[in-house]
Amino acid sequence: MSAATTIAEVLQHSDPKTARRAVAARVDGRVVDLSSPAPAEGQVEPVLPGDPEALDILRHSTAHIMAEAVRALFPGVKVAIGPAIDNGFYYDFEYQRAFTPEDLPAIEEKMAEIIKANLPFERREVDRDQARQSFAEGGEDYKVELIDELDPEAQVSTYTQGEFTDLCRGPHLPSTGRVGAFKLLSVAGAYWRGDERNTMLSRIYGTAFFDRKELKRHLNFLAEAKKRDHRKLGKQLDLFSFHEELGAGMVVWHPKGMILRNIIEDFERKEHARRGYQQVSGPQLLRRELWEKSGHFDHYRENMYFTEIEESAYGIKPMNCLAHMLIYKSKVRSYRDLPLRYFELGLVHRHEKSGVLHGLTRVRAFTQDDAHILCTPDQVADEIKAVMDFITEVMDIFGFDYTMELSTRPAKSIGSDQDWERATAALTAALELSGRDYDINEGDGAFYGPKIDVKLQDALMRHWQCATIQCDFTLPERFDLTFVDSDGERKRPVMLHRVVLGSIERFIGVLIEQYAGAFPLWLAPEQVRVLTVTERADQWAEQVNQALRDAEIRSSADLRNEKLGAKVREAQLMKIPYMLVLGDKEVAQSKVTPRLRSGKNLDAMTIDEFIAYLAPLRQPGGERKNQA
Ligand SMILES: [Zn+2]
Ligand SMILES: [Zn+2]
C-alpha cells in the first residue's frame, strides 16, 4: 500500500457500493475523515448515514457551512464555536447587532448555494503559532483564545471549505454536497462560554438530516413540542412565572401552580410514609466546616452559594444529606433500628450557568423529593430493590415509561477503591435483578458514590432525568456514623441517597409537556367549573359548586353575565377537565350536565351521581386505571 492511499480508497477497494454512502470512517474505534491517510494496519470501517456518529458529523459540517454563509453575508462578523447538539447544531457569532429570525432565509439561501457547489472539506494539520497568527489577522479573537487554551501537546488542525477556514478537530463530511436537508430554526443570545460576565453572542440554531423525509418528521416533532412548551402553557394556565428583576432560574409559584405542587407533595408524603420513610427537614444554611468535612467544599464548590453570619462562613445547601446524617448521629443506633429512611422535600440551591437555564427544567433553586436510607451492608440489596419498585410504581401512576443507566466513578471523587467497587457491585446486582436493560455511563457518578439514573420518556419520546439511587460508603465514614451490631461491635452503616421524581420543579415542567397542559383529573388545579346559561341558574350553580367543594373537589362557578360560548372557551383554554353547564332544564330537575374538555357531553345526573362518577378518577393515576 503506498503512503498516498486514503481511507476512502481503502473502502472503495473493499466495497465500492458501501464506500459511496460513507460519511467518515472508524479506525480502531476512532472516527476520522475519509480523506485521511490509510493506516498501516488496523480495521477500517465505514461510518454510514444510519450510524450514531453520522448525524453529528453531518450537523457539525452544516454548522461550518452556516458560518461560511454568515461570514459572506455579514462582513465583520466574528465566529465563536459551532458544535453539533442533540437534534441539530448551532454556531455563535459576534456581530454589531443580534441576528433575528428575519435574517435566516438569506442565510439558508447562501447555505444552499454552498451545498450545491459540493465543496470539499479539507483538513490541514497546522503549526500552532501560524494558525494563531492567521486567525488573529482575520480578527477571529475567539479562535485565538481557543488555540491559547489547547493542550500544548495537541495537534492543531483546521478545516476549509470554499472561503471559510475553521479551527476544528473534525471529522467532517467529505464535501458540502452530502448535506441532504437542513433548516435554520431560531436565534438566541448566548454568553461566550455560557458565562454572564462575558460578551453576549448571537446564536443561530439549525438542524440537518441526510434526507428530506427525516427533516420533515423532525419539524413536525418541533411543532408539537412548541405547542406543549411548559413555559408557554405555564403562563396560559397561570401556574408560575419567572422575573428578571428577581433573578434568573428562580420560580415564582402562582395559586394554581401551588395547588399542583401540593397535590404532588401530598402524594409523595403518603407514598413515602406507606413505605416506612420518616419525613424530616434540615436548614438552608450550614456551616462551611461541615461542607469541608463532607467533601462538598472540595468537590462541589462551584455549584454552591456561600454567605456569612457573624463572620462565620455558611454554605447554602445544594443537597440534603448532611442534616440527615446529623439526625442519625443524634443517638446511639442499634442494628435493630436499621434501616432508617429519612425523607425530605428539600429545597436546594445549585449554581447553573445562565446559558443553560430553561423554564422549570433547569433552575437554580428547586425542591427534591430526597431521602437517605441508612442500613447495614446486608440490607443494601433489598433496600435498592425496594427503591426501584417504588420508582416503577410512581412512573406507572404518572404514565411514564423509563430507561436506566449506571454511572460509575468520576475523575474527581472521594473514598477508597474498595468502597467504590462494593457500591458499584451493589447497584449492578440490583439492576441485574430488575431484569431491565440498562446503559453504563462511565465516570458520571456522584463524587461520593456510583448511581443508578432513571430517565423517564415523555409523549414525544424525549428523555428526562428523574430518579437516582446512589450507594455511598464514604460519607458514613467521614461523619463517623456507626451502629451497634448483634455481636455488640460498632459498625458502619451504608447510606443510600435517592430521589424518585428528582426536582419537583422539573417534574412539573415535564408533566405540563407530557399532558400538553390538559392534566388528568387528579392533578388538575381546577377540576370542575360550573357555568350558568342565564342568571336564573345562579342559585343552583352556587349550590352545586359548594356541594363539590364539600366533597373536596376543586371547583369554581362562573356566574358572570357573559355569553355561554365565551365561558366555555375560557374554561377550555384553562384545560379544565369538566364543565357543568346549568340552564333552565338543569335547574328544574336539580341536575347537572357534565361536559368533558374534549367536547363530549355526559347525560344529566344529580350532584351525588356526579361526585360518585368522579370518585375513582380522582385517585392518583385514576384515569389511566379506568382506561385499562
Ligand atoms: Zn468543525
Ligand atoms: Zn444525599
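The values are calculated or read from the model by the stated rules, or taken from the named source; none is laboratory data. Treat the numbers as computed from the prediction; the structure is a model and nothing was measured. Cβ: placed from backbone, ideal geometry, glycine included. Neighbour counts: every protein chain shown.
Quick notes on this structure:
- Qualifying residue in the range 392-404 (condition: part of a helix (DSSP H, G or I), within 16 Å of ligand 2 (Cβ to nearest atom) and either assigned by TED's automatic domain parsing to the domain that holds T482 or on the phi > 0 side of the Ramachandran plot (or both)): no
- Some residue of the range 54-76 being within 14 Å of ligand 1 (Cβ to nearest atom), crowded, with 17+ Cβ neighbours inside 10 Å and assigned to a strand (DSSP E or B): no
- Single match in R128, R124 (criterion: over 30 Å from D211 (Cβ atoms), surrounded by fewer than 19 Cβ atoms within 10 Å (Cβ to Cβ), of a type outside the set (A, V, I, L, M) and within 16 Å of ligand 1 (Cβ to nearest atom)): R124
- Of residues in the range 563-598 being among the acidic types (D, E) and surrounded by 13 or more Cβ atoms within 10 Å (Cβ to Cβ), the one farthest from E609 (Cα to Cα): E570
- Counting residues in the range 214-229 that are under 24 Å from V363 (Cα atoms) and free of Cβ contacts under 8 Å to residues at least 24 places away in the same chain gives one or more.
- On the stretch given as the range 77-102, residues that are more than 15 Å from L184 (Cβ to Cβ), β-branched (V, I, T) and in a loop (DSSP other than H, G, I, E, B) total 2.
- Considering the conditions (1) under 34 Å from the mean Cα position of the chain (by Cα); (2) within 14 Å of ligand 1 (Cβ to nearest atom), Q161 is excluded by exactly one of them, (1).
- Evaluated against (1) buried (at least 19 other Cβ atoms within 10 Å of the Cβ); (2) over 30 Å from S202 (Cα atoms), D401 falls short on exactly one condition, (1).
- Residue in the range 147-154 that is more than 35 Å from the chain's Cα centre (by Cα) and touching a residue at least 40 places away in the same chain (Cβ under 8 Å) present: no
- Sole exception among (1) surrounded by fewer than 18 Cβ atoms within 10 Å (Cβ to Cβ); (2) at positive phi for G249, by number: (1)
- All conditions but one from (1) outside the structural domain of G194 (by TED's automatic domain parsing); (2) in contact with an Asp or Glu (Cβ under 9 Å, 6 or more places away or on another chain); (3) buried (at least 20 other Cβ atoms within 10 Å of the Cβ) apply to D33; the one that does not is (2).
Table: residues versus (1) closer than 22 Å to V510 by Cβ; (2) among the small types (G, A, S); (3) surrounded by fewer than 18 Cβ atoms within 10 Å (Cβ to Cβ).
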| site | (1), (2), (3) |
| --- | --- |
| L184 | no, no, no |
| R193 | no, no, yes |
| R203 | no, no, no |
| G206 | no, yes, no |
| L237 | yes, no, no |
| H243 | no, no, yes |
| M258 | yes, no, yes |
| N262 | yes, no, yes |
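- Any hit, the range 526-533, residues being β-branched (V, I, T) and not in a strand (DSSP E or B): yes
- Contact annotation: residue pairs with Cβ atoms under 7 Å, 6 or more positions apart or on different chains, pairing a residue in the range 108-131 that is without any contact (Cβ under 8 Å) to a residue 40 or more places away in the chain with a partner that is among the aliphatic types (A, V, I, L, M), are V126/V156; R128/I147; R128/V156; A131/I147; A131/V156; A131/L167.
- Residue count for the range 20-35, restricted to those that are modelled with pLDDT of 90 or more and either closer than 12 Å to H172 by Cβ or small (G, A, S) (or both): 9
- Selection within the range 591-605 - among the basic types (K, R) and under 39 Å from the mean Cα position of the chain (by Cα): R595, R597, K600
- Entirely in the range 103-188, the helices (runs of 4 or more DSSP H) that have 3 or more residues that are at pLDDT 95 or above and under 30 Å from L219 (Cα atoms): 104-116
- Set side by side, the residues G295, G355 differ, and just one is in contact with a helix residue (DSSP H, G or I) (Cβ under 6 Å, 6 or more places away or on another chain) and more than 30 Å from D389 (Cβ to Cβ), which is G355.
- Every condition in (1) over 20 Å from C375 (Cα atoms); (2) touching a His at 6+ places or on another chain (Cβ under 8 Å); (3) not in a loop (DSSP other than H, G, I, E, B) is met by T468 except one, and the failing one is (1).
- Residues satisfying the criterion are absent from the range 167-186 (criterion: of a type outside the set (S, T, Y), over 15 Å from L58 (Cα atoms) and out of contact with any strand residue (DSSP E or B) (no Cβ under 9 Å at 6 or more places or on another chain)).
- Residue check, M461 assigned to a loop (DSSP other than H, G, I, E, B) and of a type outside the set (K, R): yes
- Each residue in the range 16-50 was checked for being without any contact (Cβ under 8 Å) to a residue 12 or more places away in the chain, charged (D, E, K, R) and in a loop (DSSP other than H, G, I, E, B), and 1 of them qualify.
- Against the numbered list (1) modelled with pLDDT under 95; (2) touching a helix residue (DSSP H, G or I) at 6+ places or on another chain (Cβ under 8 Å), L239 comes up short only at (1).
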